[in-house]
Each structure stands twice: as structure tokens, then as C-alpha cells.
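Visitor: Please find one structure pasted underneath; my questions will follow.
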Amino acid sequence: EVQLVESGGGLVQAGGSLRLSCAASGFTFGDYAIGWFRQAPGKEREGISCISTSDRRTWFADSVKGRFTGSTDNAKNTVYLQMNGLKPEDTAVYYCAATSHYYICPRSMDYWGKGTLVTVSS
């Protein structure tokens, strides 16, 4: 019943941009915060962003700060991650996840999507 579905991944050249979407269903969207995570080959999963669906607070990891921005469309139960200035080291599978408390993000999440692949070529 609970679903998080990522979309928008693909192949892009270094310096390019992509916009990822996370469409949620099966829970009260406005009661949750949405986090973005990524896992690159040979590396641990990294939390890169959190957004509160209620008050629009955001957090970004140092690795993406200044390049990535987040937004939420509560009417569509969808959050977006705008990725600009992409680098080859951004190549990873990107996941969205939901937590009932913004302050917990990205440390503990309740629901997870299946991921979308982002490949940045040099």
C-alpha cells in the first residue's frame, strides 16, 4: 500500500542538470518528511537531502550543498530534487524515503522507494 516511486534519472554530462521526482502514496504525505539518498558503486549509502512537507525546511549534505535544491508539491504528493552542476562522483542510484519526523531525517526512515539511476559522464 505504501509506495514511493522515484523517476527522472538518466545519463547526463558533467555540468548538466537533472530533476528527480518522488511520488508518494499510502500514507499522509503532509505528516512526513522526505529524504533523498544515494549509493555509488563501492560506497555506503549517503543521505543527501531532507525536506519537510509541512514547513518546507530543507537540509543538504555538504557534498551537494549549493548544487542541489528541493521542493514539494503537496497537492500531488510529490517532492522534487533539482540537481545542477552534476559531477561524475554524483553517479549513483538515488532513493527517496519518508520519515514521520523531519528531525530524524536522514538517520532513520520508515518507507523507501526502489531507486533511480543517475549516471554523470566526464
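Visitor: Among the numbered conditions (1) modelled with pLDDT of 95 or more; (2) among the acidic types (Asp, Glu); (3) under 15 Å from Tyr102 (Cα atoms), tell me where Asp55 comes up short.
Guide: (1)
Visitor: Still on this structure, please answer the following. Within the stretch 52-71, track down each residue that is without any contact (Cβ under 8 Å) to a residue 12 or more places away in the chain and either among the hydrophobic types (A, V, I, L, M, F, W, C) or in a strand (DSSP E or B) (or both).
Guide: Once the filter is applied, which keeps residues that are without any contact (Cβ under 8 Å) to a residue 12 or more places away in the chain and either among the hydrophobic types (A, V, I, L, M, F, W, C) or in a strand (DSSP E or B) (or both), the stretch 52-71 yields nothing.
Visitor: A further question on this structure: With the structure loaded, tell me whether Phe27 is at pLDDT below 95 and open to solvent by less than 50 Å² (accessible area, probe 1.4 Å) or whether it fails that test. Steps first, answer last, please.
Guide: Details: at pLDDT below 95: yes; open to solvent by less than 50 Å² (accessible area, probe 1.4 Å): yes.
Criteria met by Phe27.
Visitor: Additional query: Only one residue in Thr69, Thr99 is under 14 Å from the mean Cα position of the chain (by Cα) and within 27 Å of Glu1 (Cα to Cα), so which one is that? Steps first, answer last, please.
Guide: Numbers: Thr69 fails: within 27 Å of Glu1 (Cα to Cα).
Just one listed residue meets the conditions, Thr99.
Visitor: Of all residues in the stretch 62-98, how many are open to solvent by less than 10 Å² (accessible area, probe 1.4 Å) and farther than 24 Å from Ser25 by Cα?
Guide: Applying the first criterion (open to solvent by less than 10 Å² (accessible area, probe 1.4 Å)) to the stretch 62-98 yields 64, 68, 79, 81, 83, 86, 90, 92, 94, 96-98.
Subset that is farther than 24 Å from Ser25 by Cα: 64, 68, 86, 90, 92.
So the count comes out to 5.
Visitor: Determine if the stretch 80-93 includes at least one residue that is over 11 Å from the mean Cα position of the chain (by Cα), at pLDDT below 95 and assigned to a loop (DSSP other than H, G, I, E, B).
Guide: Start the filter on the stretch 80-93 by keeping residues that are over 11 Å from the mean Cα position of the chain (by Cα), which leaves 84-92.
Within this subset, residues satisfying the condition of being at pLDDT below 95 are none.
No: zero hits.
Visitor: Any idea which of Ser49, Ser17 is open to solvent by less than 10 Å² (accessible area, probe 1.4 Å) and either more than 20 Å from Tyr111 (Cα to Cα) or at pLDDT 95 or above (or both)?
Guide: Working: Ser17 fails: open to solvent by less than 10 Å² (accessible area, probe 1.4 Å).
Result of the check over Ser49, Ser17: Ser49.
The values are calculated or read from the model by the stated rules, or taken from the named source; none is laboratory data. These numbers were taken from a predicted model, which means no experiment stands behind them. Please note: Cβ atoms are built from the backbone with ideal geometry, for glycine as well, and neighbour counts cover all protein chains shown. Note: areas computed on protein heavy atoms with side chains; ligands, DNA, RNA excluded. Shrake-Rupley method; radii C 1.70, N 1.55, O 1.52, S 1.80 Å.
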